[in-house]
Each structure stands twice: as C-alpha cells, then as structure tokens.
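S.K.: Just passing along the structure, written as structure tokens.
The values are calculated or read from the model by the stated rules, or taken from the named source; none is laboratory data. These numbers come from a predicted model, not from an experiment. All Cβ positions, glycine included, derive from the backbone under ideal geometry; neighbour counts span all protein chains shown.
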Amino acid sequence: MPEQEAAEQYGTPAREVGEFLRRRRAQIAQRWADESLFRTVFTVSRDEAVESGLAVVEALAAVADGGRVQDSDAAGFDVVRERLARMGASRSRAGLSTARVSTEVDALRPPAEDLLVADLPDAPERVVRDCVTTLTVLMGTLRLVVLETVLSEGQELIERQRLQLLEVATPVIELWDGVVAVPLIGTLDSARSQVVMESLLEAIVDQRARFAILDITGVPTVDSLVAQHLMKTVAAARLMGAECVVSGIRPAIAQTIVHLGLDLGTVVTRASLADALAYALRESDTGRASAGPGGSGRP
C-alpha cells in the first residue's frame, strides 16, 4: 500500500497522540512513577505516584483531543497544574533551581516517546514523525506550565517571607501598664503600614492599652504618604479606645510637615519617646484621679 494511502488511515497527529495516551496511560504512569519528579515527592507509596501519573496522562490526552498542544491555557492543563505543578513547586521549595525542575519535567518525555513509537509499528514514517513532534510540543507545553507555577510559588514564598520580616522588624512593646509603643525604623510603605496597624491594634486589645505610641525617630523622611499612613493608624487606634501619640518629631521632619501643608493638628505629637511616655503616664494619672477612689485607669 502506498505511503500516502496508509497515512490517510490515521487521524491528525494531535488526535493520534490523544488516543495513544489513553491506550498506554497505565504504562506511561508506571514509568513516570520512577522518574525523579514523581519519586522524590510521593514518598508515601509508589501507588500514589502512579495515581498522579494517570491523572496527568488523562489531562494531556484531553489537551491533545482539543488540538491545543501549544496552549498552556488549555482547560486540560488545570489538572496538570494541580498535580505536576504542585510537585514542581515542592521541588523548588526544597532548594532545586528552575533549571533542575525543568530537566526533571523534560525527563518525562523519553519514556512516553518510546511507547508512542512502539505503539505505531506499521505506521508510515511521516505519521510517526508527526506524532512524535506533536508529543514533543505537548510535553514542552507541560514543562512551561510547571515552570510558571514554580515561579509563581517562588514569588508567593518571597512575599510571605517579606511579610514575616516586616512583622519581626515592627515589634510592639509594652512600655508601661496600659501603654504600648511601636518604634518605626526605615521607610514606611503601604505594606509595612498595614502590618504596623494590625500589630498595634492586636496589642491594644491584648494589653487593654489606653495609649499607643508611634515612634518615628528612625523614619528617615516624612512625606504626604507617610503622614497619611500615620493618620490612618491613629484613627484606627482611637476606634479601639486608645489615644495614639506620635513621637520622634525632629526639627527637619517638623519643617517638612509644615512645608507640605500636612494637617496633624488632631494628633498628639512629642519630640521623643520619653516625652510621649511621660505624657501617657501623666494622662493616666489624671484619668485615675478623676475616676475617684477605687477608680481604674483602664477604659
């Protein structure tokens, strides 16, 4: 039979690859279970690795059926992201570079390719070549999906670590009974301001604090954005029943505030942390005195 007529007996390369993946899914999953990407992540049992391999093969078959082997947004890749991409992210968190993860994903292609060639013993050379090319493209897209998720996981990890560092770098200190303080050092951006506000409000509740001091001695500059963050924190503290005092207003910062026309008239300010603490203690004594015998300085 001429090669052209023989080739016409087969469907499109994508369809042939999809059918092959379904026919040989068990064998492919068994071989993938021995590859590094599966073997090192699924340490509970080999059956678990085979199960995930089966799910990924089915997903790739669905992608091939749709003819979108080059499209990483194809619906079938959702399952791949859930399985292989999560595994790739796990490998990345273990300290492996993206290049190493890429190599491990690429190692899944030869076992599948060998089975594909063996599955088409009577097919014309052109059909085999086109099917192998299609499978190679599909596996290349698979690698792209995994790497995208690994990079995304890496960014999320960096963000989580950054927030943890912000929390560590923004401690809330109990200076006195009913008085807490946050010594701010460095630039005060939106993310850090949110951490400051949350930490301070939690401390006000936990310590039943009547006064909260924001010490900006270590803040290099105060602009309109920093002032806005401070005002929001002051307002939030007031809603929790605490008076907020801003300390560390140096001459240069005072001049900047005046120059920018910023209105801090409703905010109690003091030149130093010691002055702010003295103010809080004096006001606390006044509050206890006004409460009369047996009165409490707490709200």
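S.K.: Identify, by number, the condition in (1) surrounded by fewer than 17 Cβ atoms within 10 Å (Cβ to Cβ); (2) at pLDDT 80 or above; (3) among the small types (Gly, Ala, Ser); (4) outside any helix (DSSP H, G or I) that ALA278 doesn't meet.
M.R.: Evaluating ALA278 over (1) surrounded by fewer than 17 Cβ atoms within 10 Å (Cβ to Cβ); (2) at pLDDT 80 or above; (3) among the small types (Gly, Ala, Ser); (4) outside any helix (DSSP H, G or I) leaves (4) as the failure.
S.K.: With the structure loaded, tell me whether ASP215 is under 24 Å from GLN255 (Cβ atoms), in contact (Cβ under 8 Å) with a residue 40 or more places away in the chain and over 29 Å from the mean Cα position of the chain (by Cα) or whether it fails that test.
M.R.: Yes: the conditions hold for ASP215.
S.K.: Just to be sure, is VAL196 touching a helix residue (DSSP H, G or I) at 6+ places or on another chain (Cβ under 7 Å), among the β-branched types (Val, Ile, Thr) and assigned to a loop (DSSP other than H, G, I, E, B)?
M.R.: Judged against the criteria, VAL196 is not a match.
S.K.: Quick one: which helices (runs of 4 or more DSSP H) lie wholly within segment 25-69 and hold at least 3 residues that are basic (Lys, Arg), under 17 Å from GLU113 (Cβ atoms) and outside the structural domain of LEU147 (by TED's automatic domain parsing)?
M.R.: Working: elements: 25-32, 36-39, 46-65.
Per the criteria, no element qualifies.
S.K.: Sticking with this structure for a sec: Scan segment 216-231 and give yes if some residue there is polar (S, T, N, Q) and assigned to a helix (DSSP H, G or I), otherwise no.
M.R.: Looking for residues that are polar (S, T, N, Q) and assigned to a helix (DSSP H, G or I), one finds at least one in segment 216-231, hence yes.
S.K.: Which of the residues belonging to segment 173-216 are surrounded by 15 or more Cβ atoms within 10 Å (Cβ to Cβ), of a type in the set (Val, Ile, Thr) and at pLDDT 90 or above?
M.R.: VAL179, VAL180, VAL182, ILE204, ILE213, ILE216
S.K.: I would also like to ask the following. Sort through ARG31, ARG83, ARG68, ARG23 and tell me the only one that's of a type outside the set (Val, Ile, Thr) and at pLDDT below 80.
M.R.: Of ARG31, ARG83, ARG68, ARG23, the one residue that is of a type outside the set (Val, Ile, Thr) and at pLDDT below 80 is ARG83.
S.K.: Sort out which residues of segment 95-119 are among the aliphatic types (A, V, I, L, M), at pLDDT 90 or above and farther than 15 Å from ASP34 by Cα, and write them in order of number.
M.R.: LEU115, LEU116, VAL117, ALA118
S.K.: Looking only at segment 213-241, how many residues end up being among the acidic types (Asp, Glu) and farther than 21 Å from GLU283 by Cβ?
M.R.: 1
S.K.: Report yes if ARG238 is in a helix (DSSP H, G or I), of a type outside the set (Gly, Ala, Ser) and at pLDDT 80 or above, otherwise no.
M.R.: So ARG238 passes the test.
S.K.: Which members of segment 117-136 meet the condition of being farther than 22 Å from ALA107 by Cα and surrounded by 13 or more Cβ atoms within 10 Å (Cβ to Cβ)?
M.R.: ALA123, PRO124, ARG126, VAL127 - these are the residues of segment 117-136 that are farther than 22 Å from ALA107 by Cα and surrounded by 13 or more Cβ atoms within 10 Å (Cβ to Cβ).
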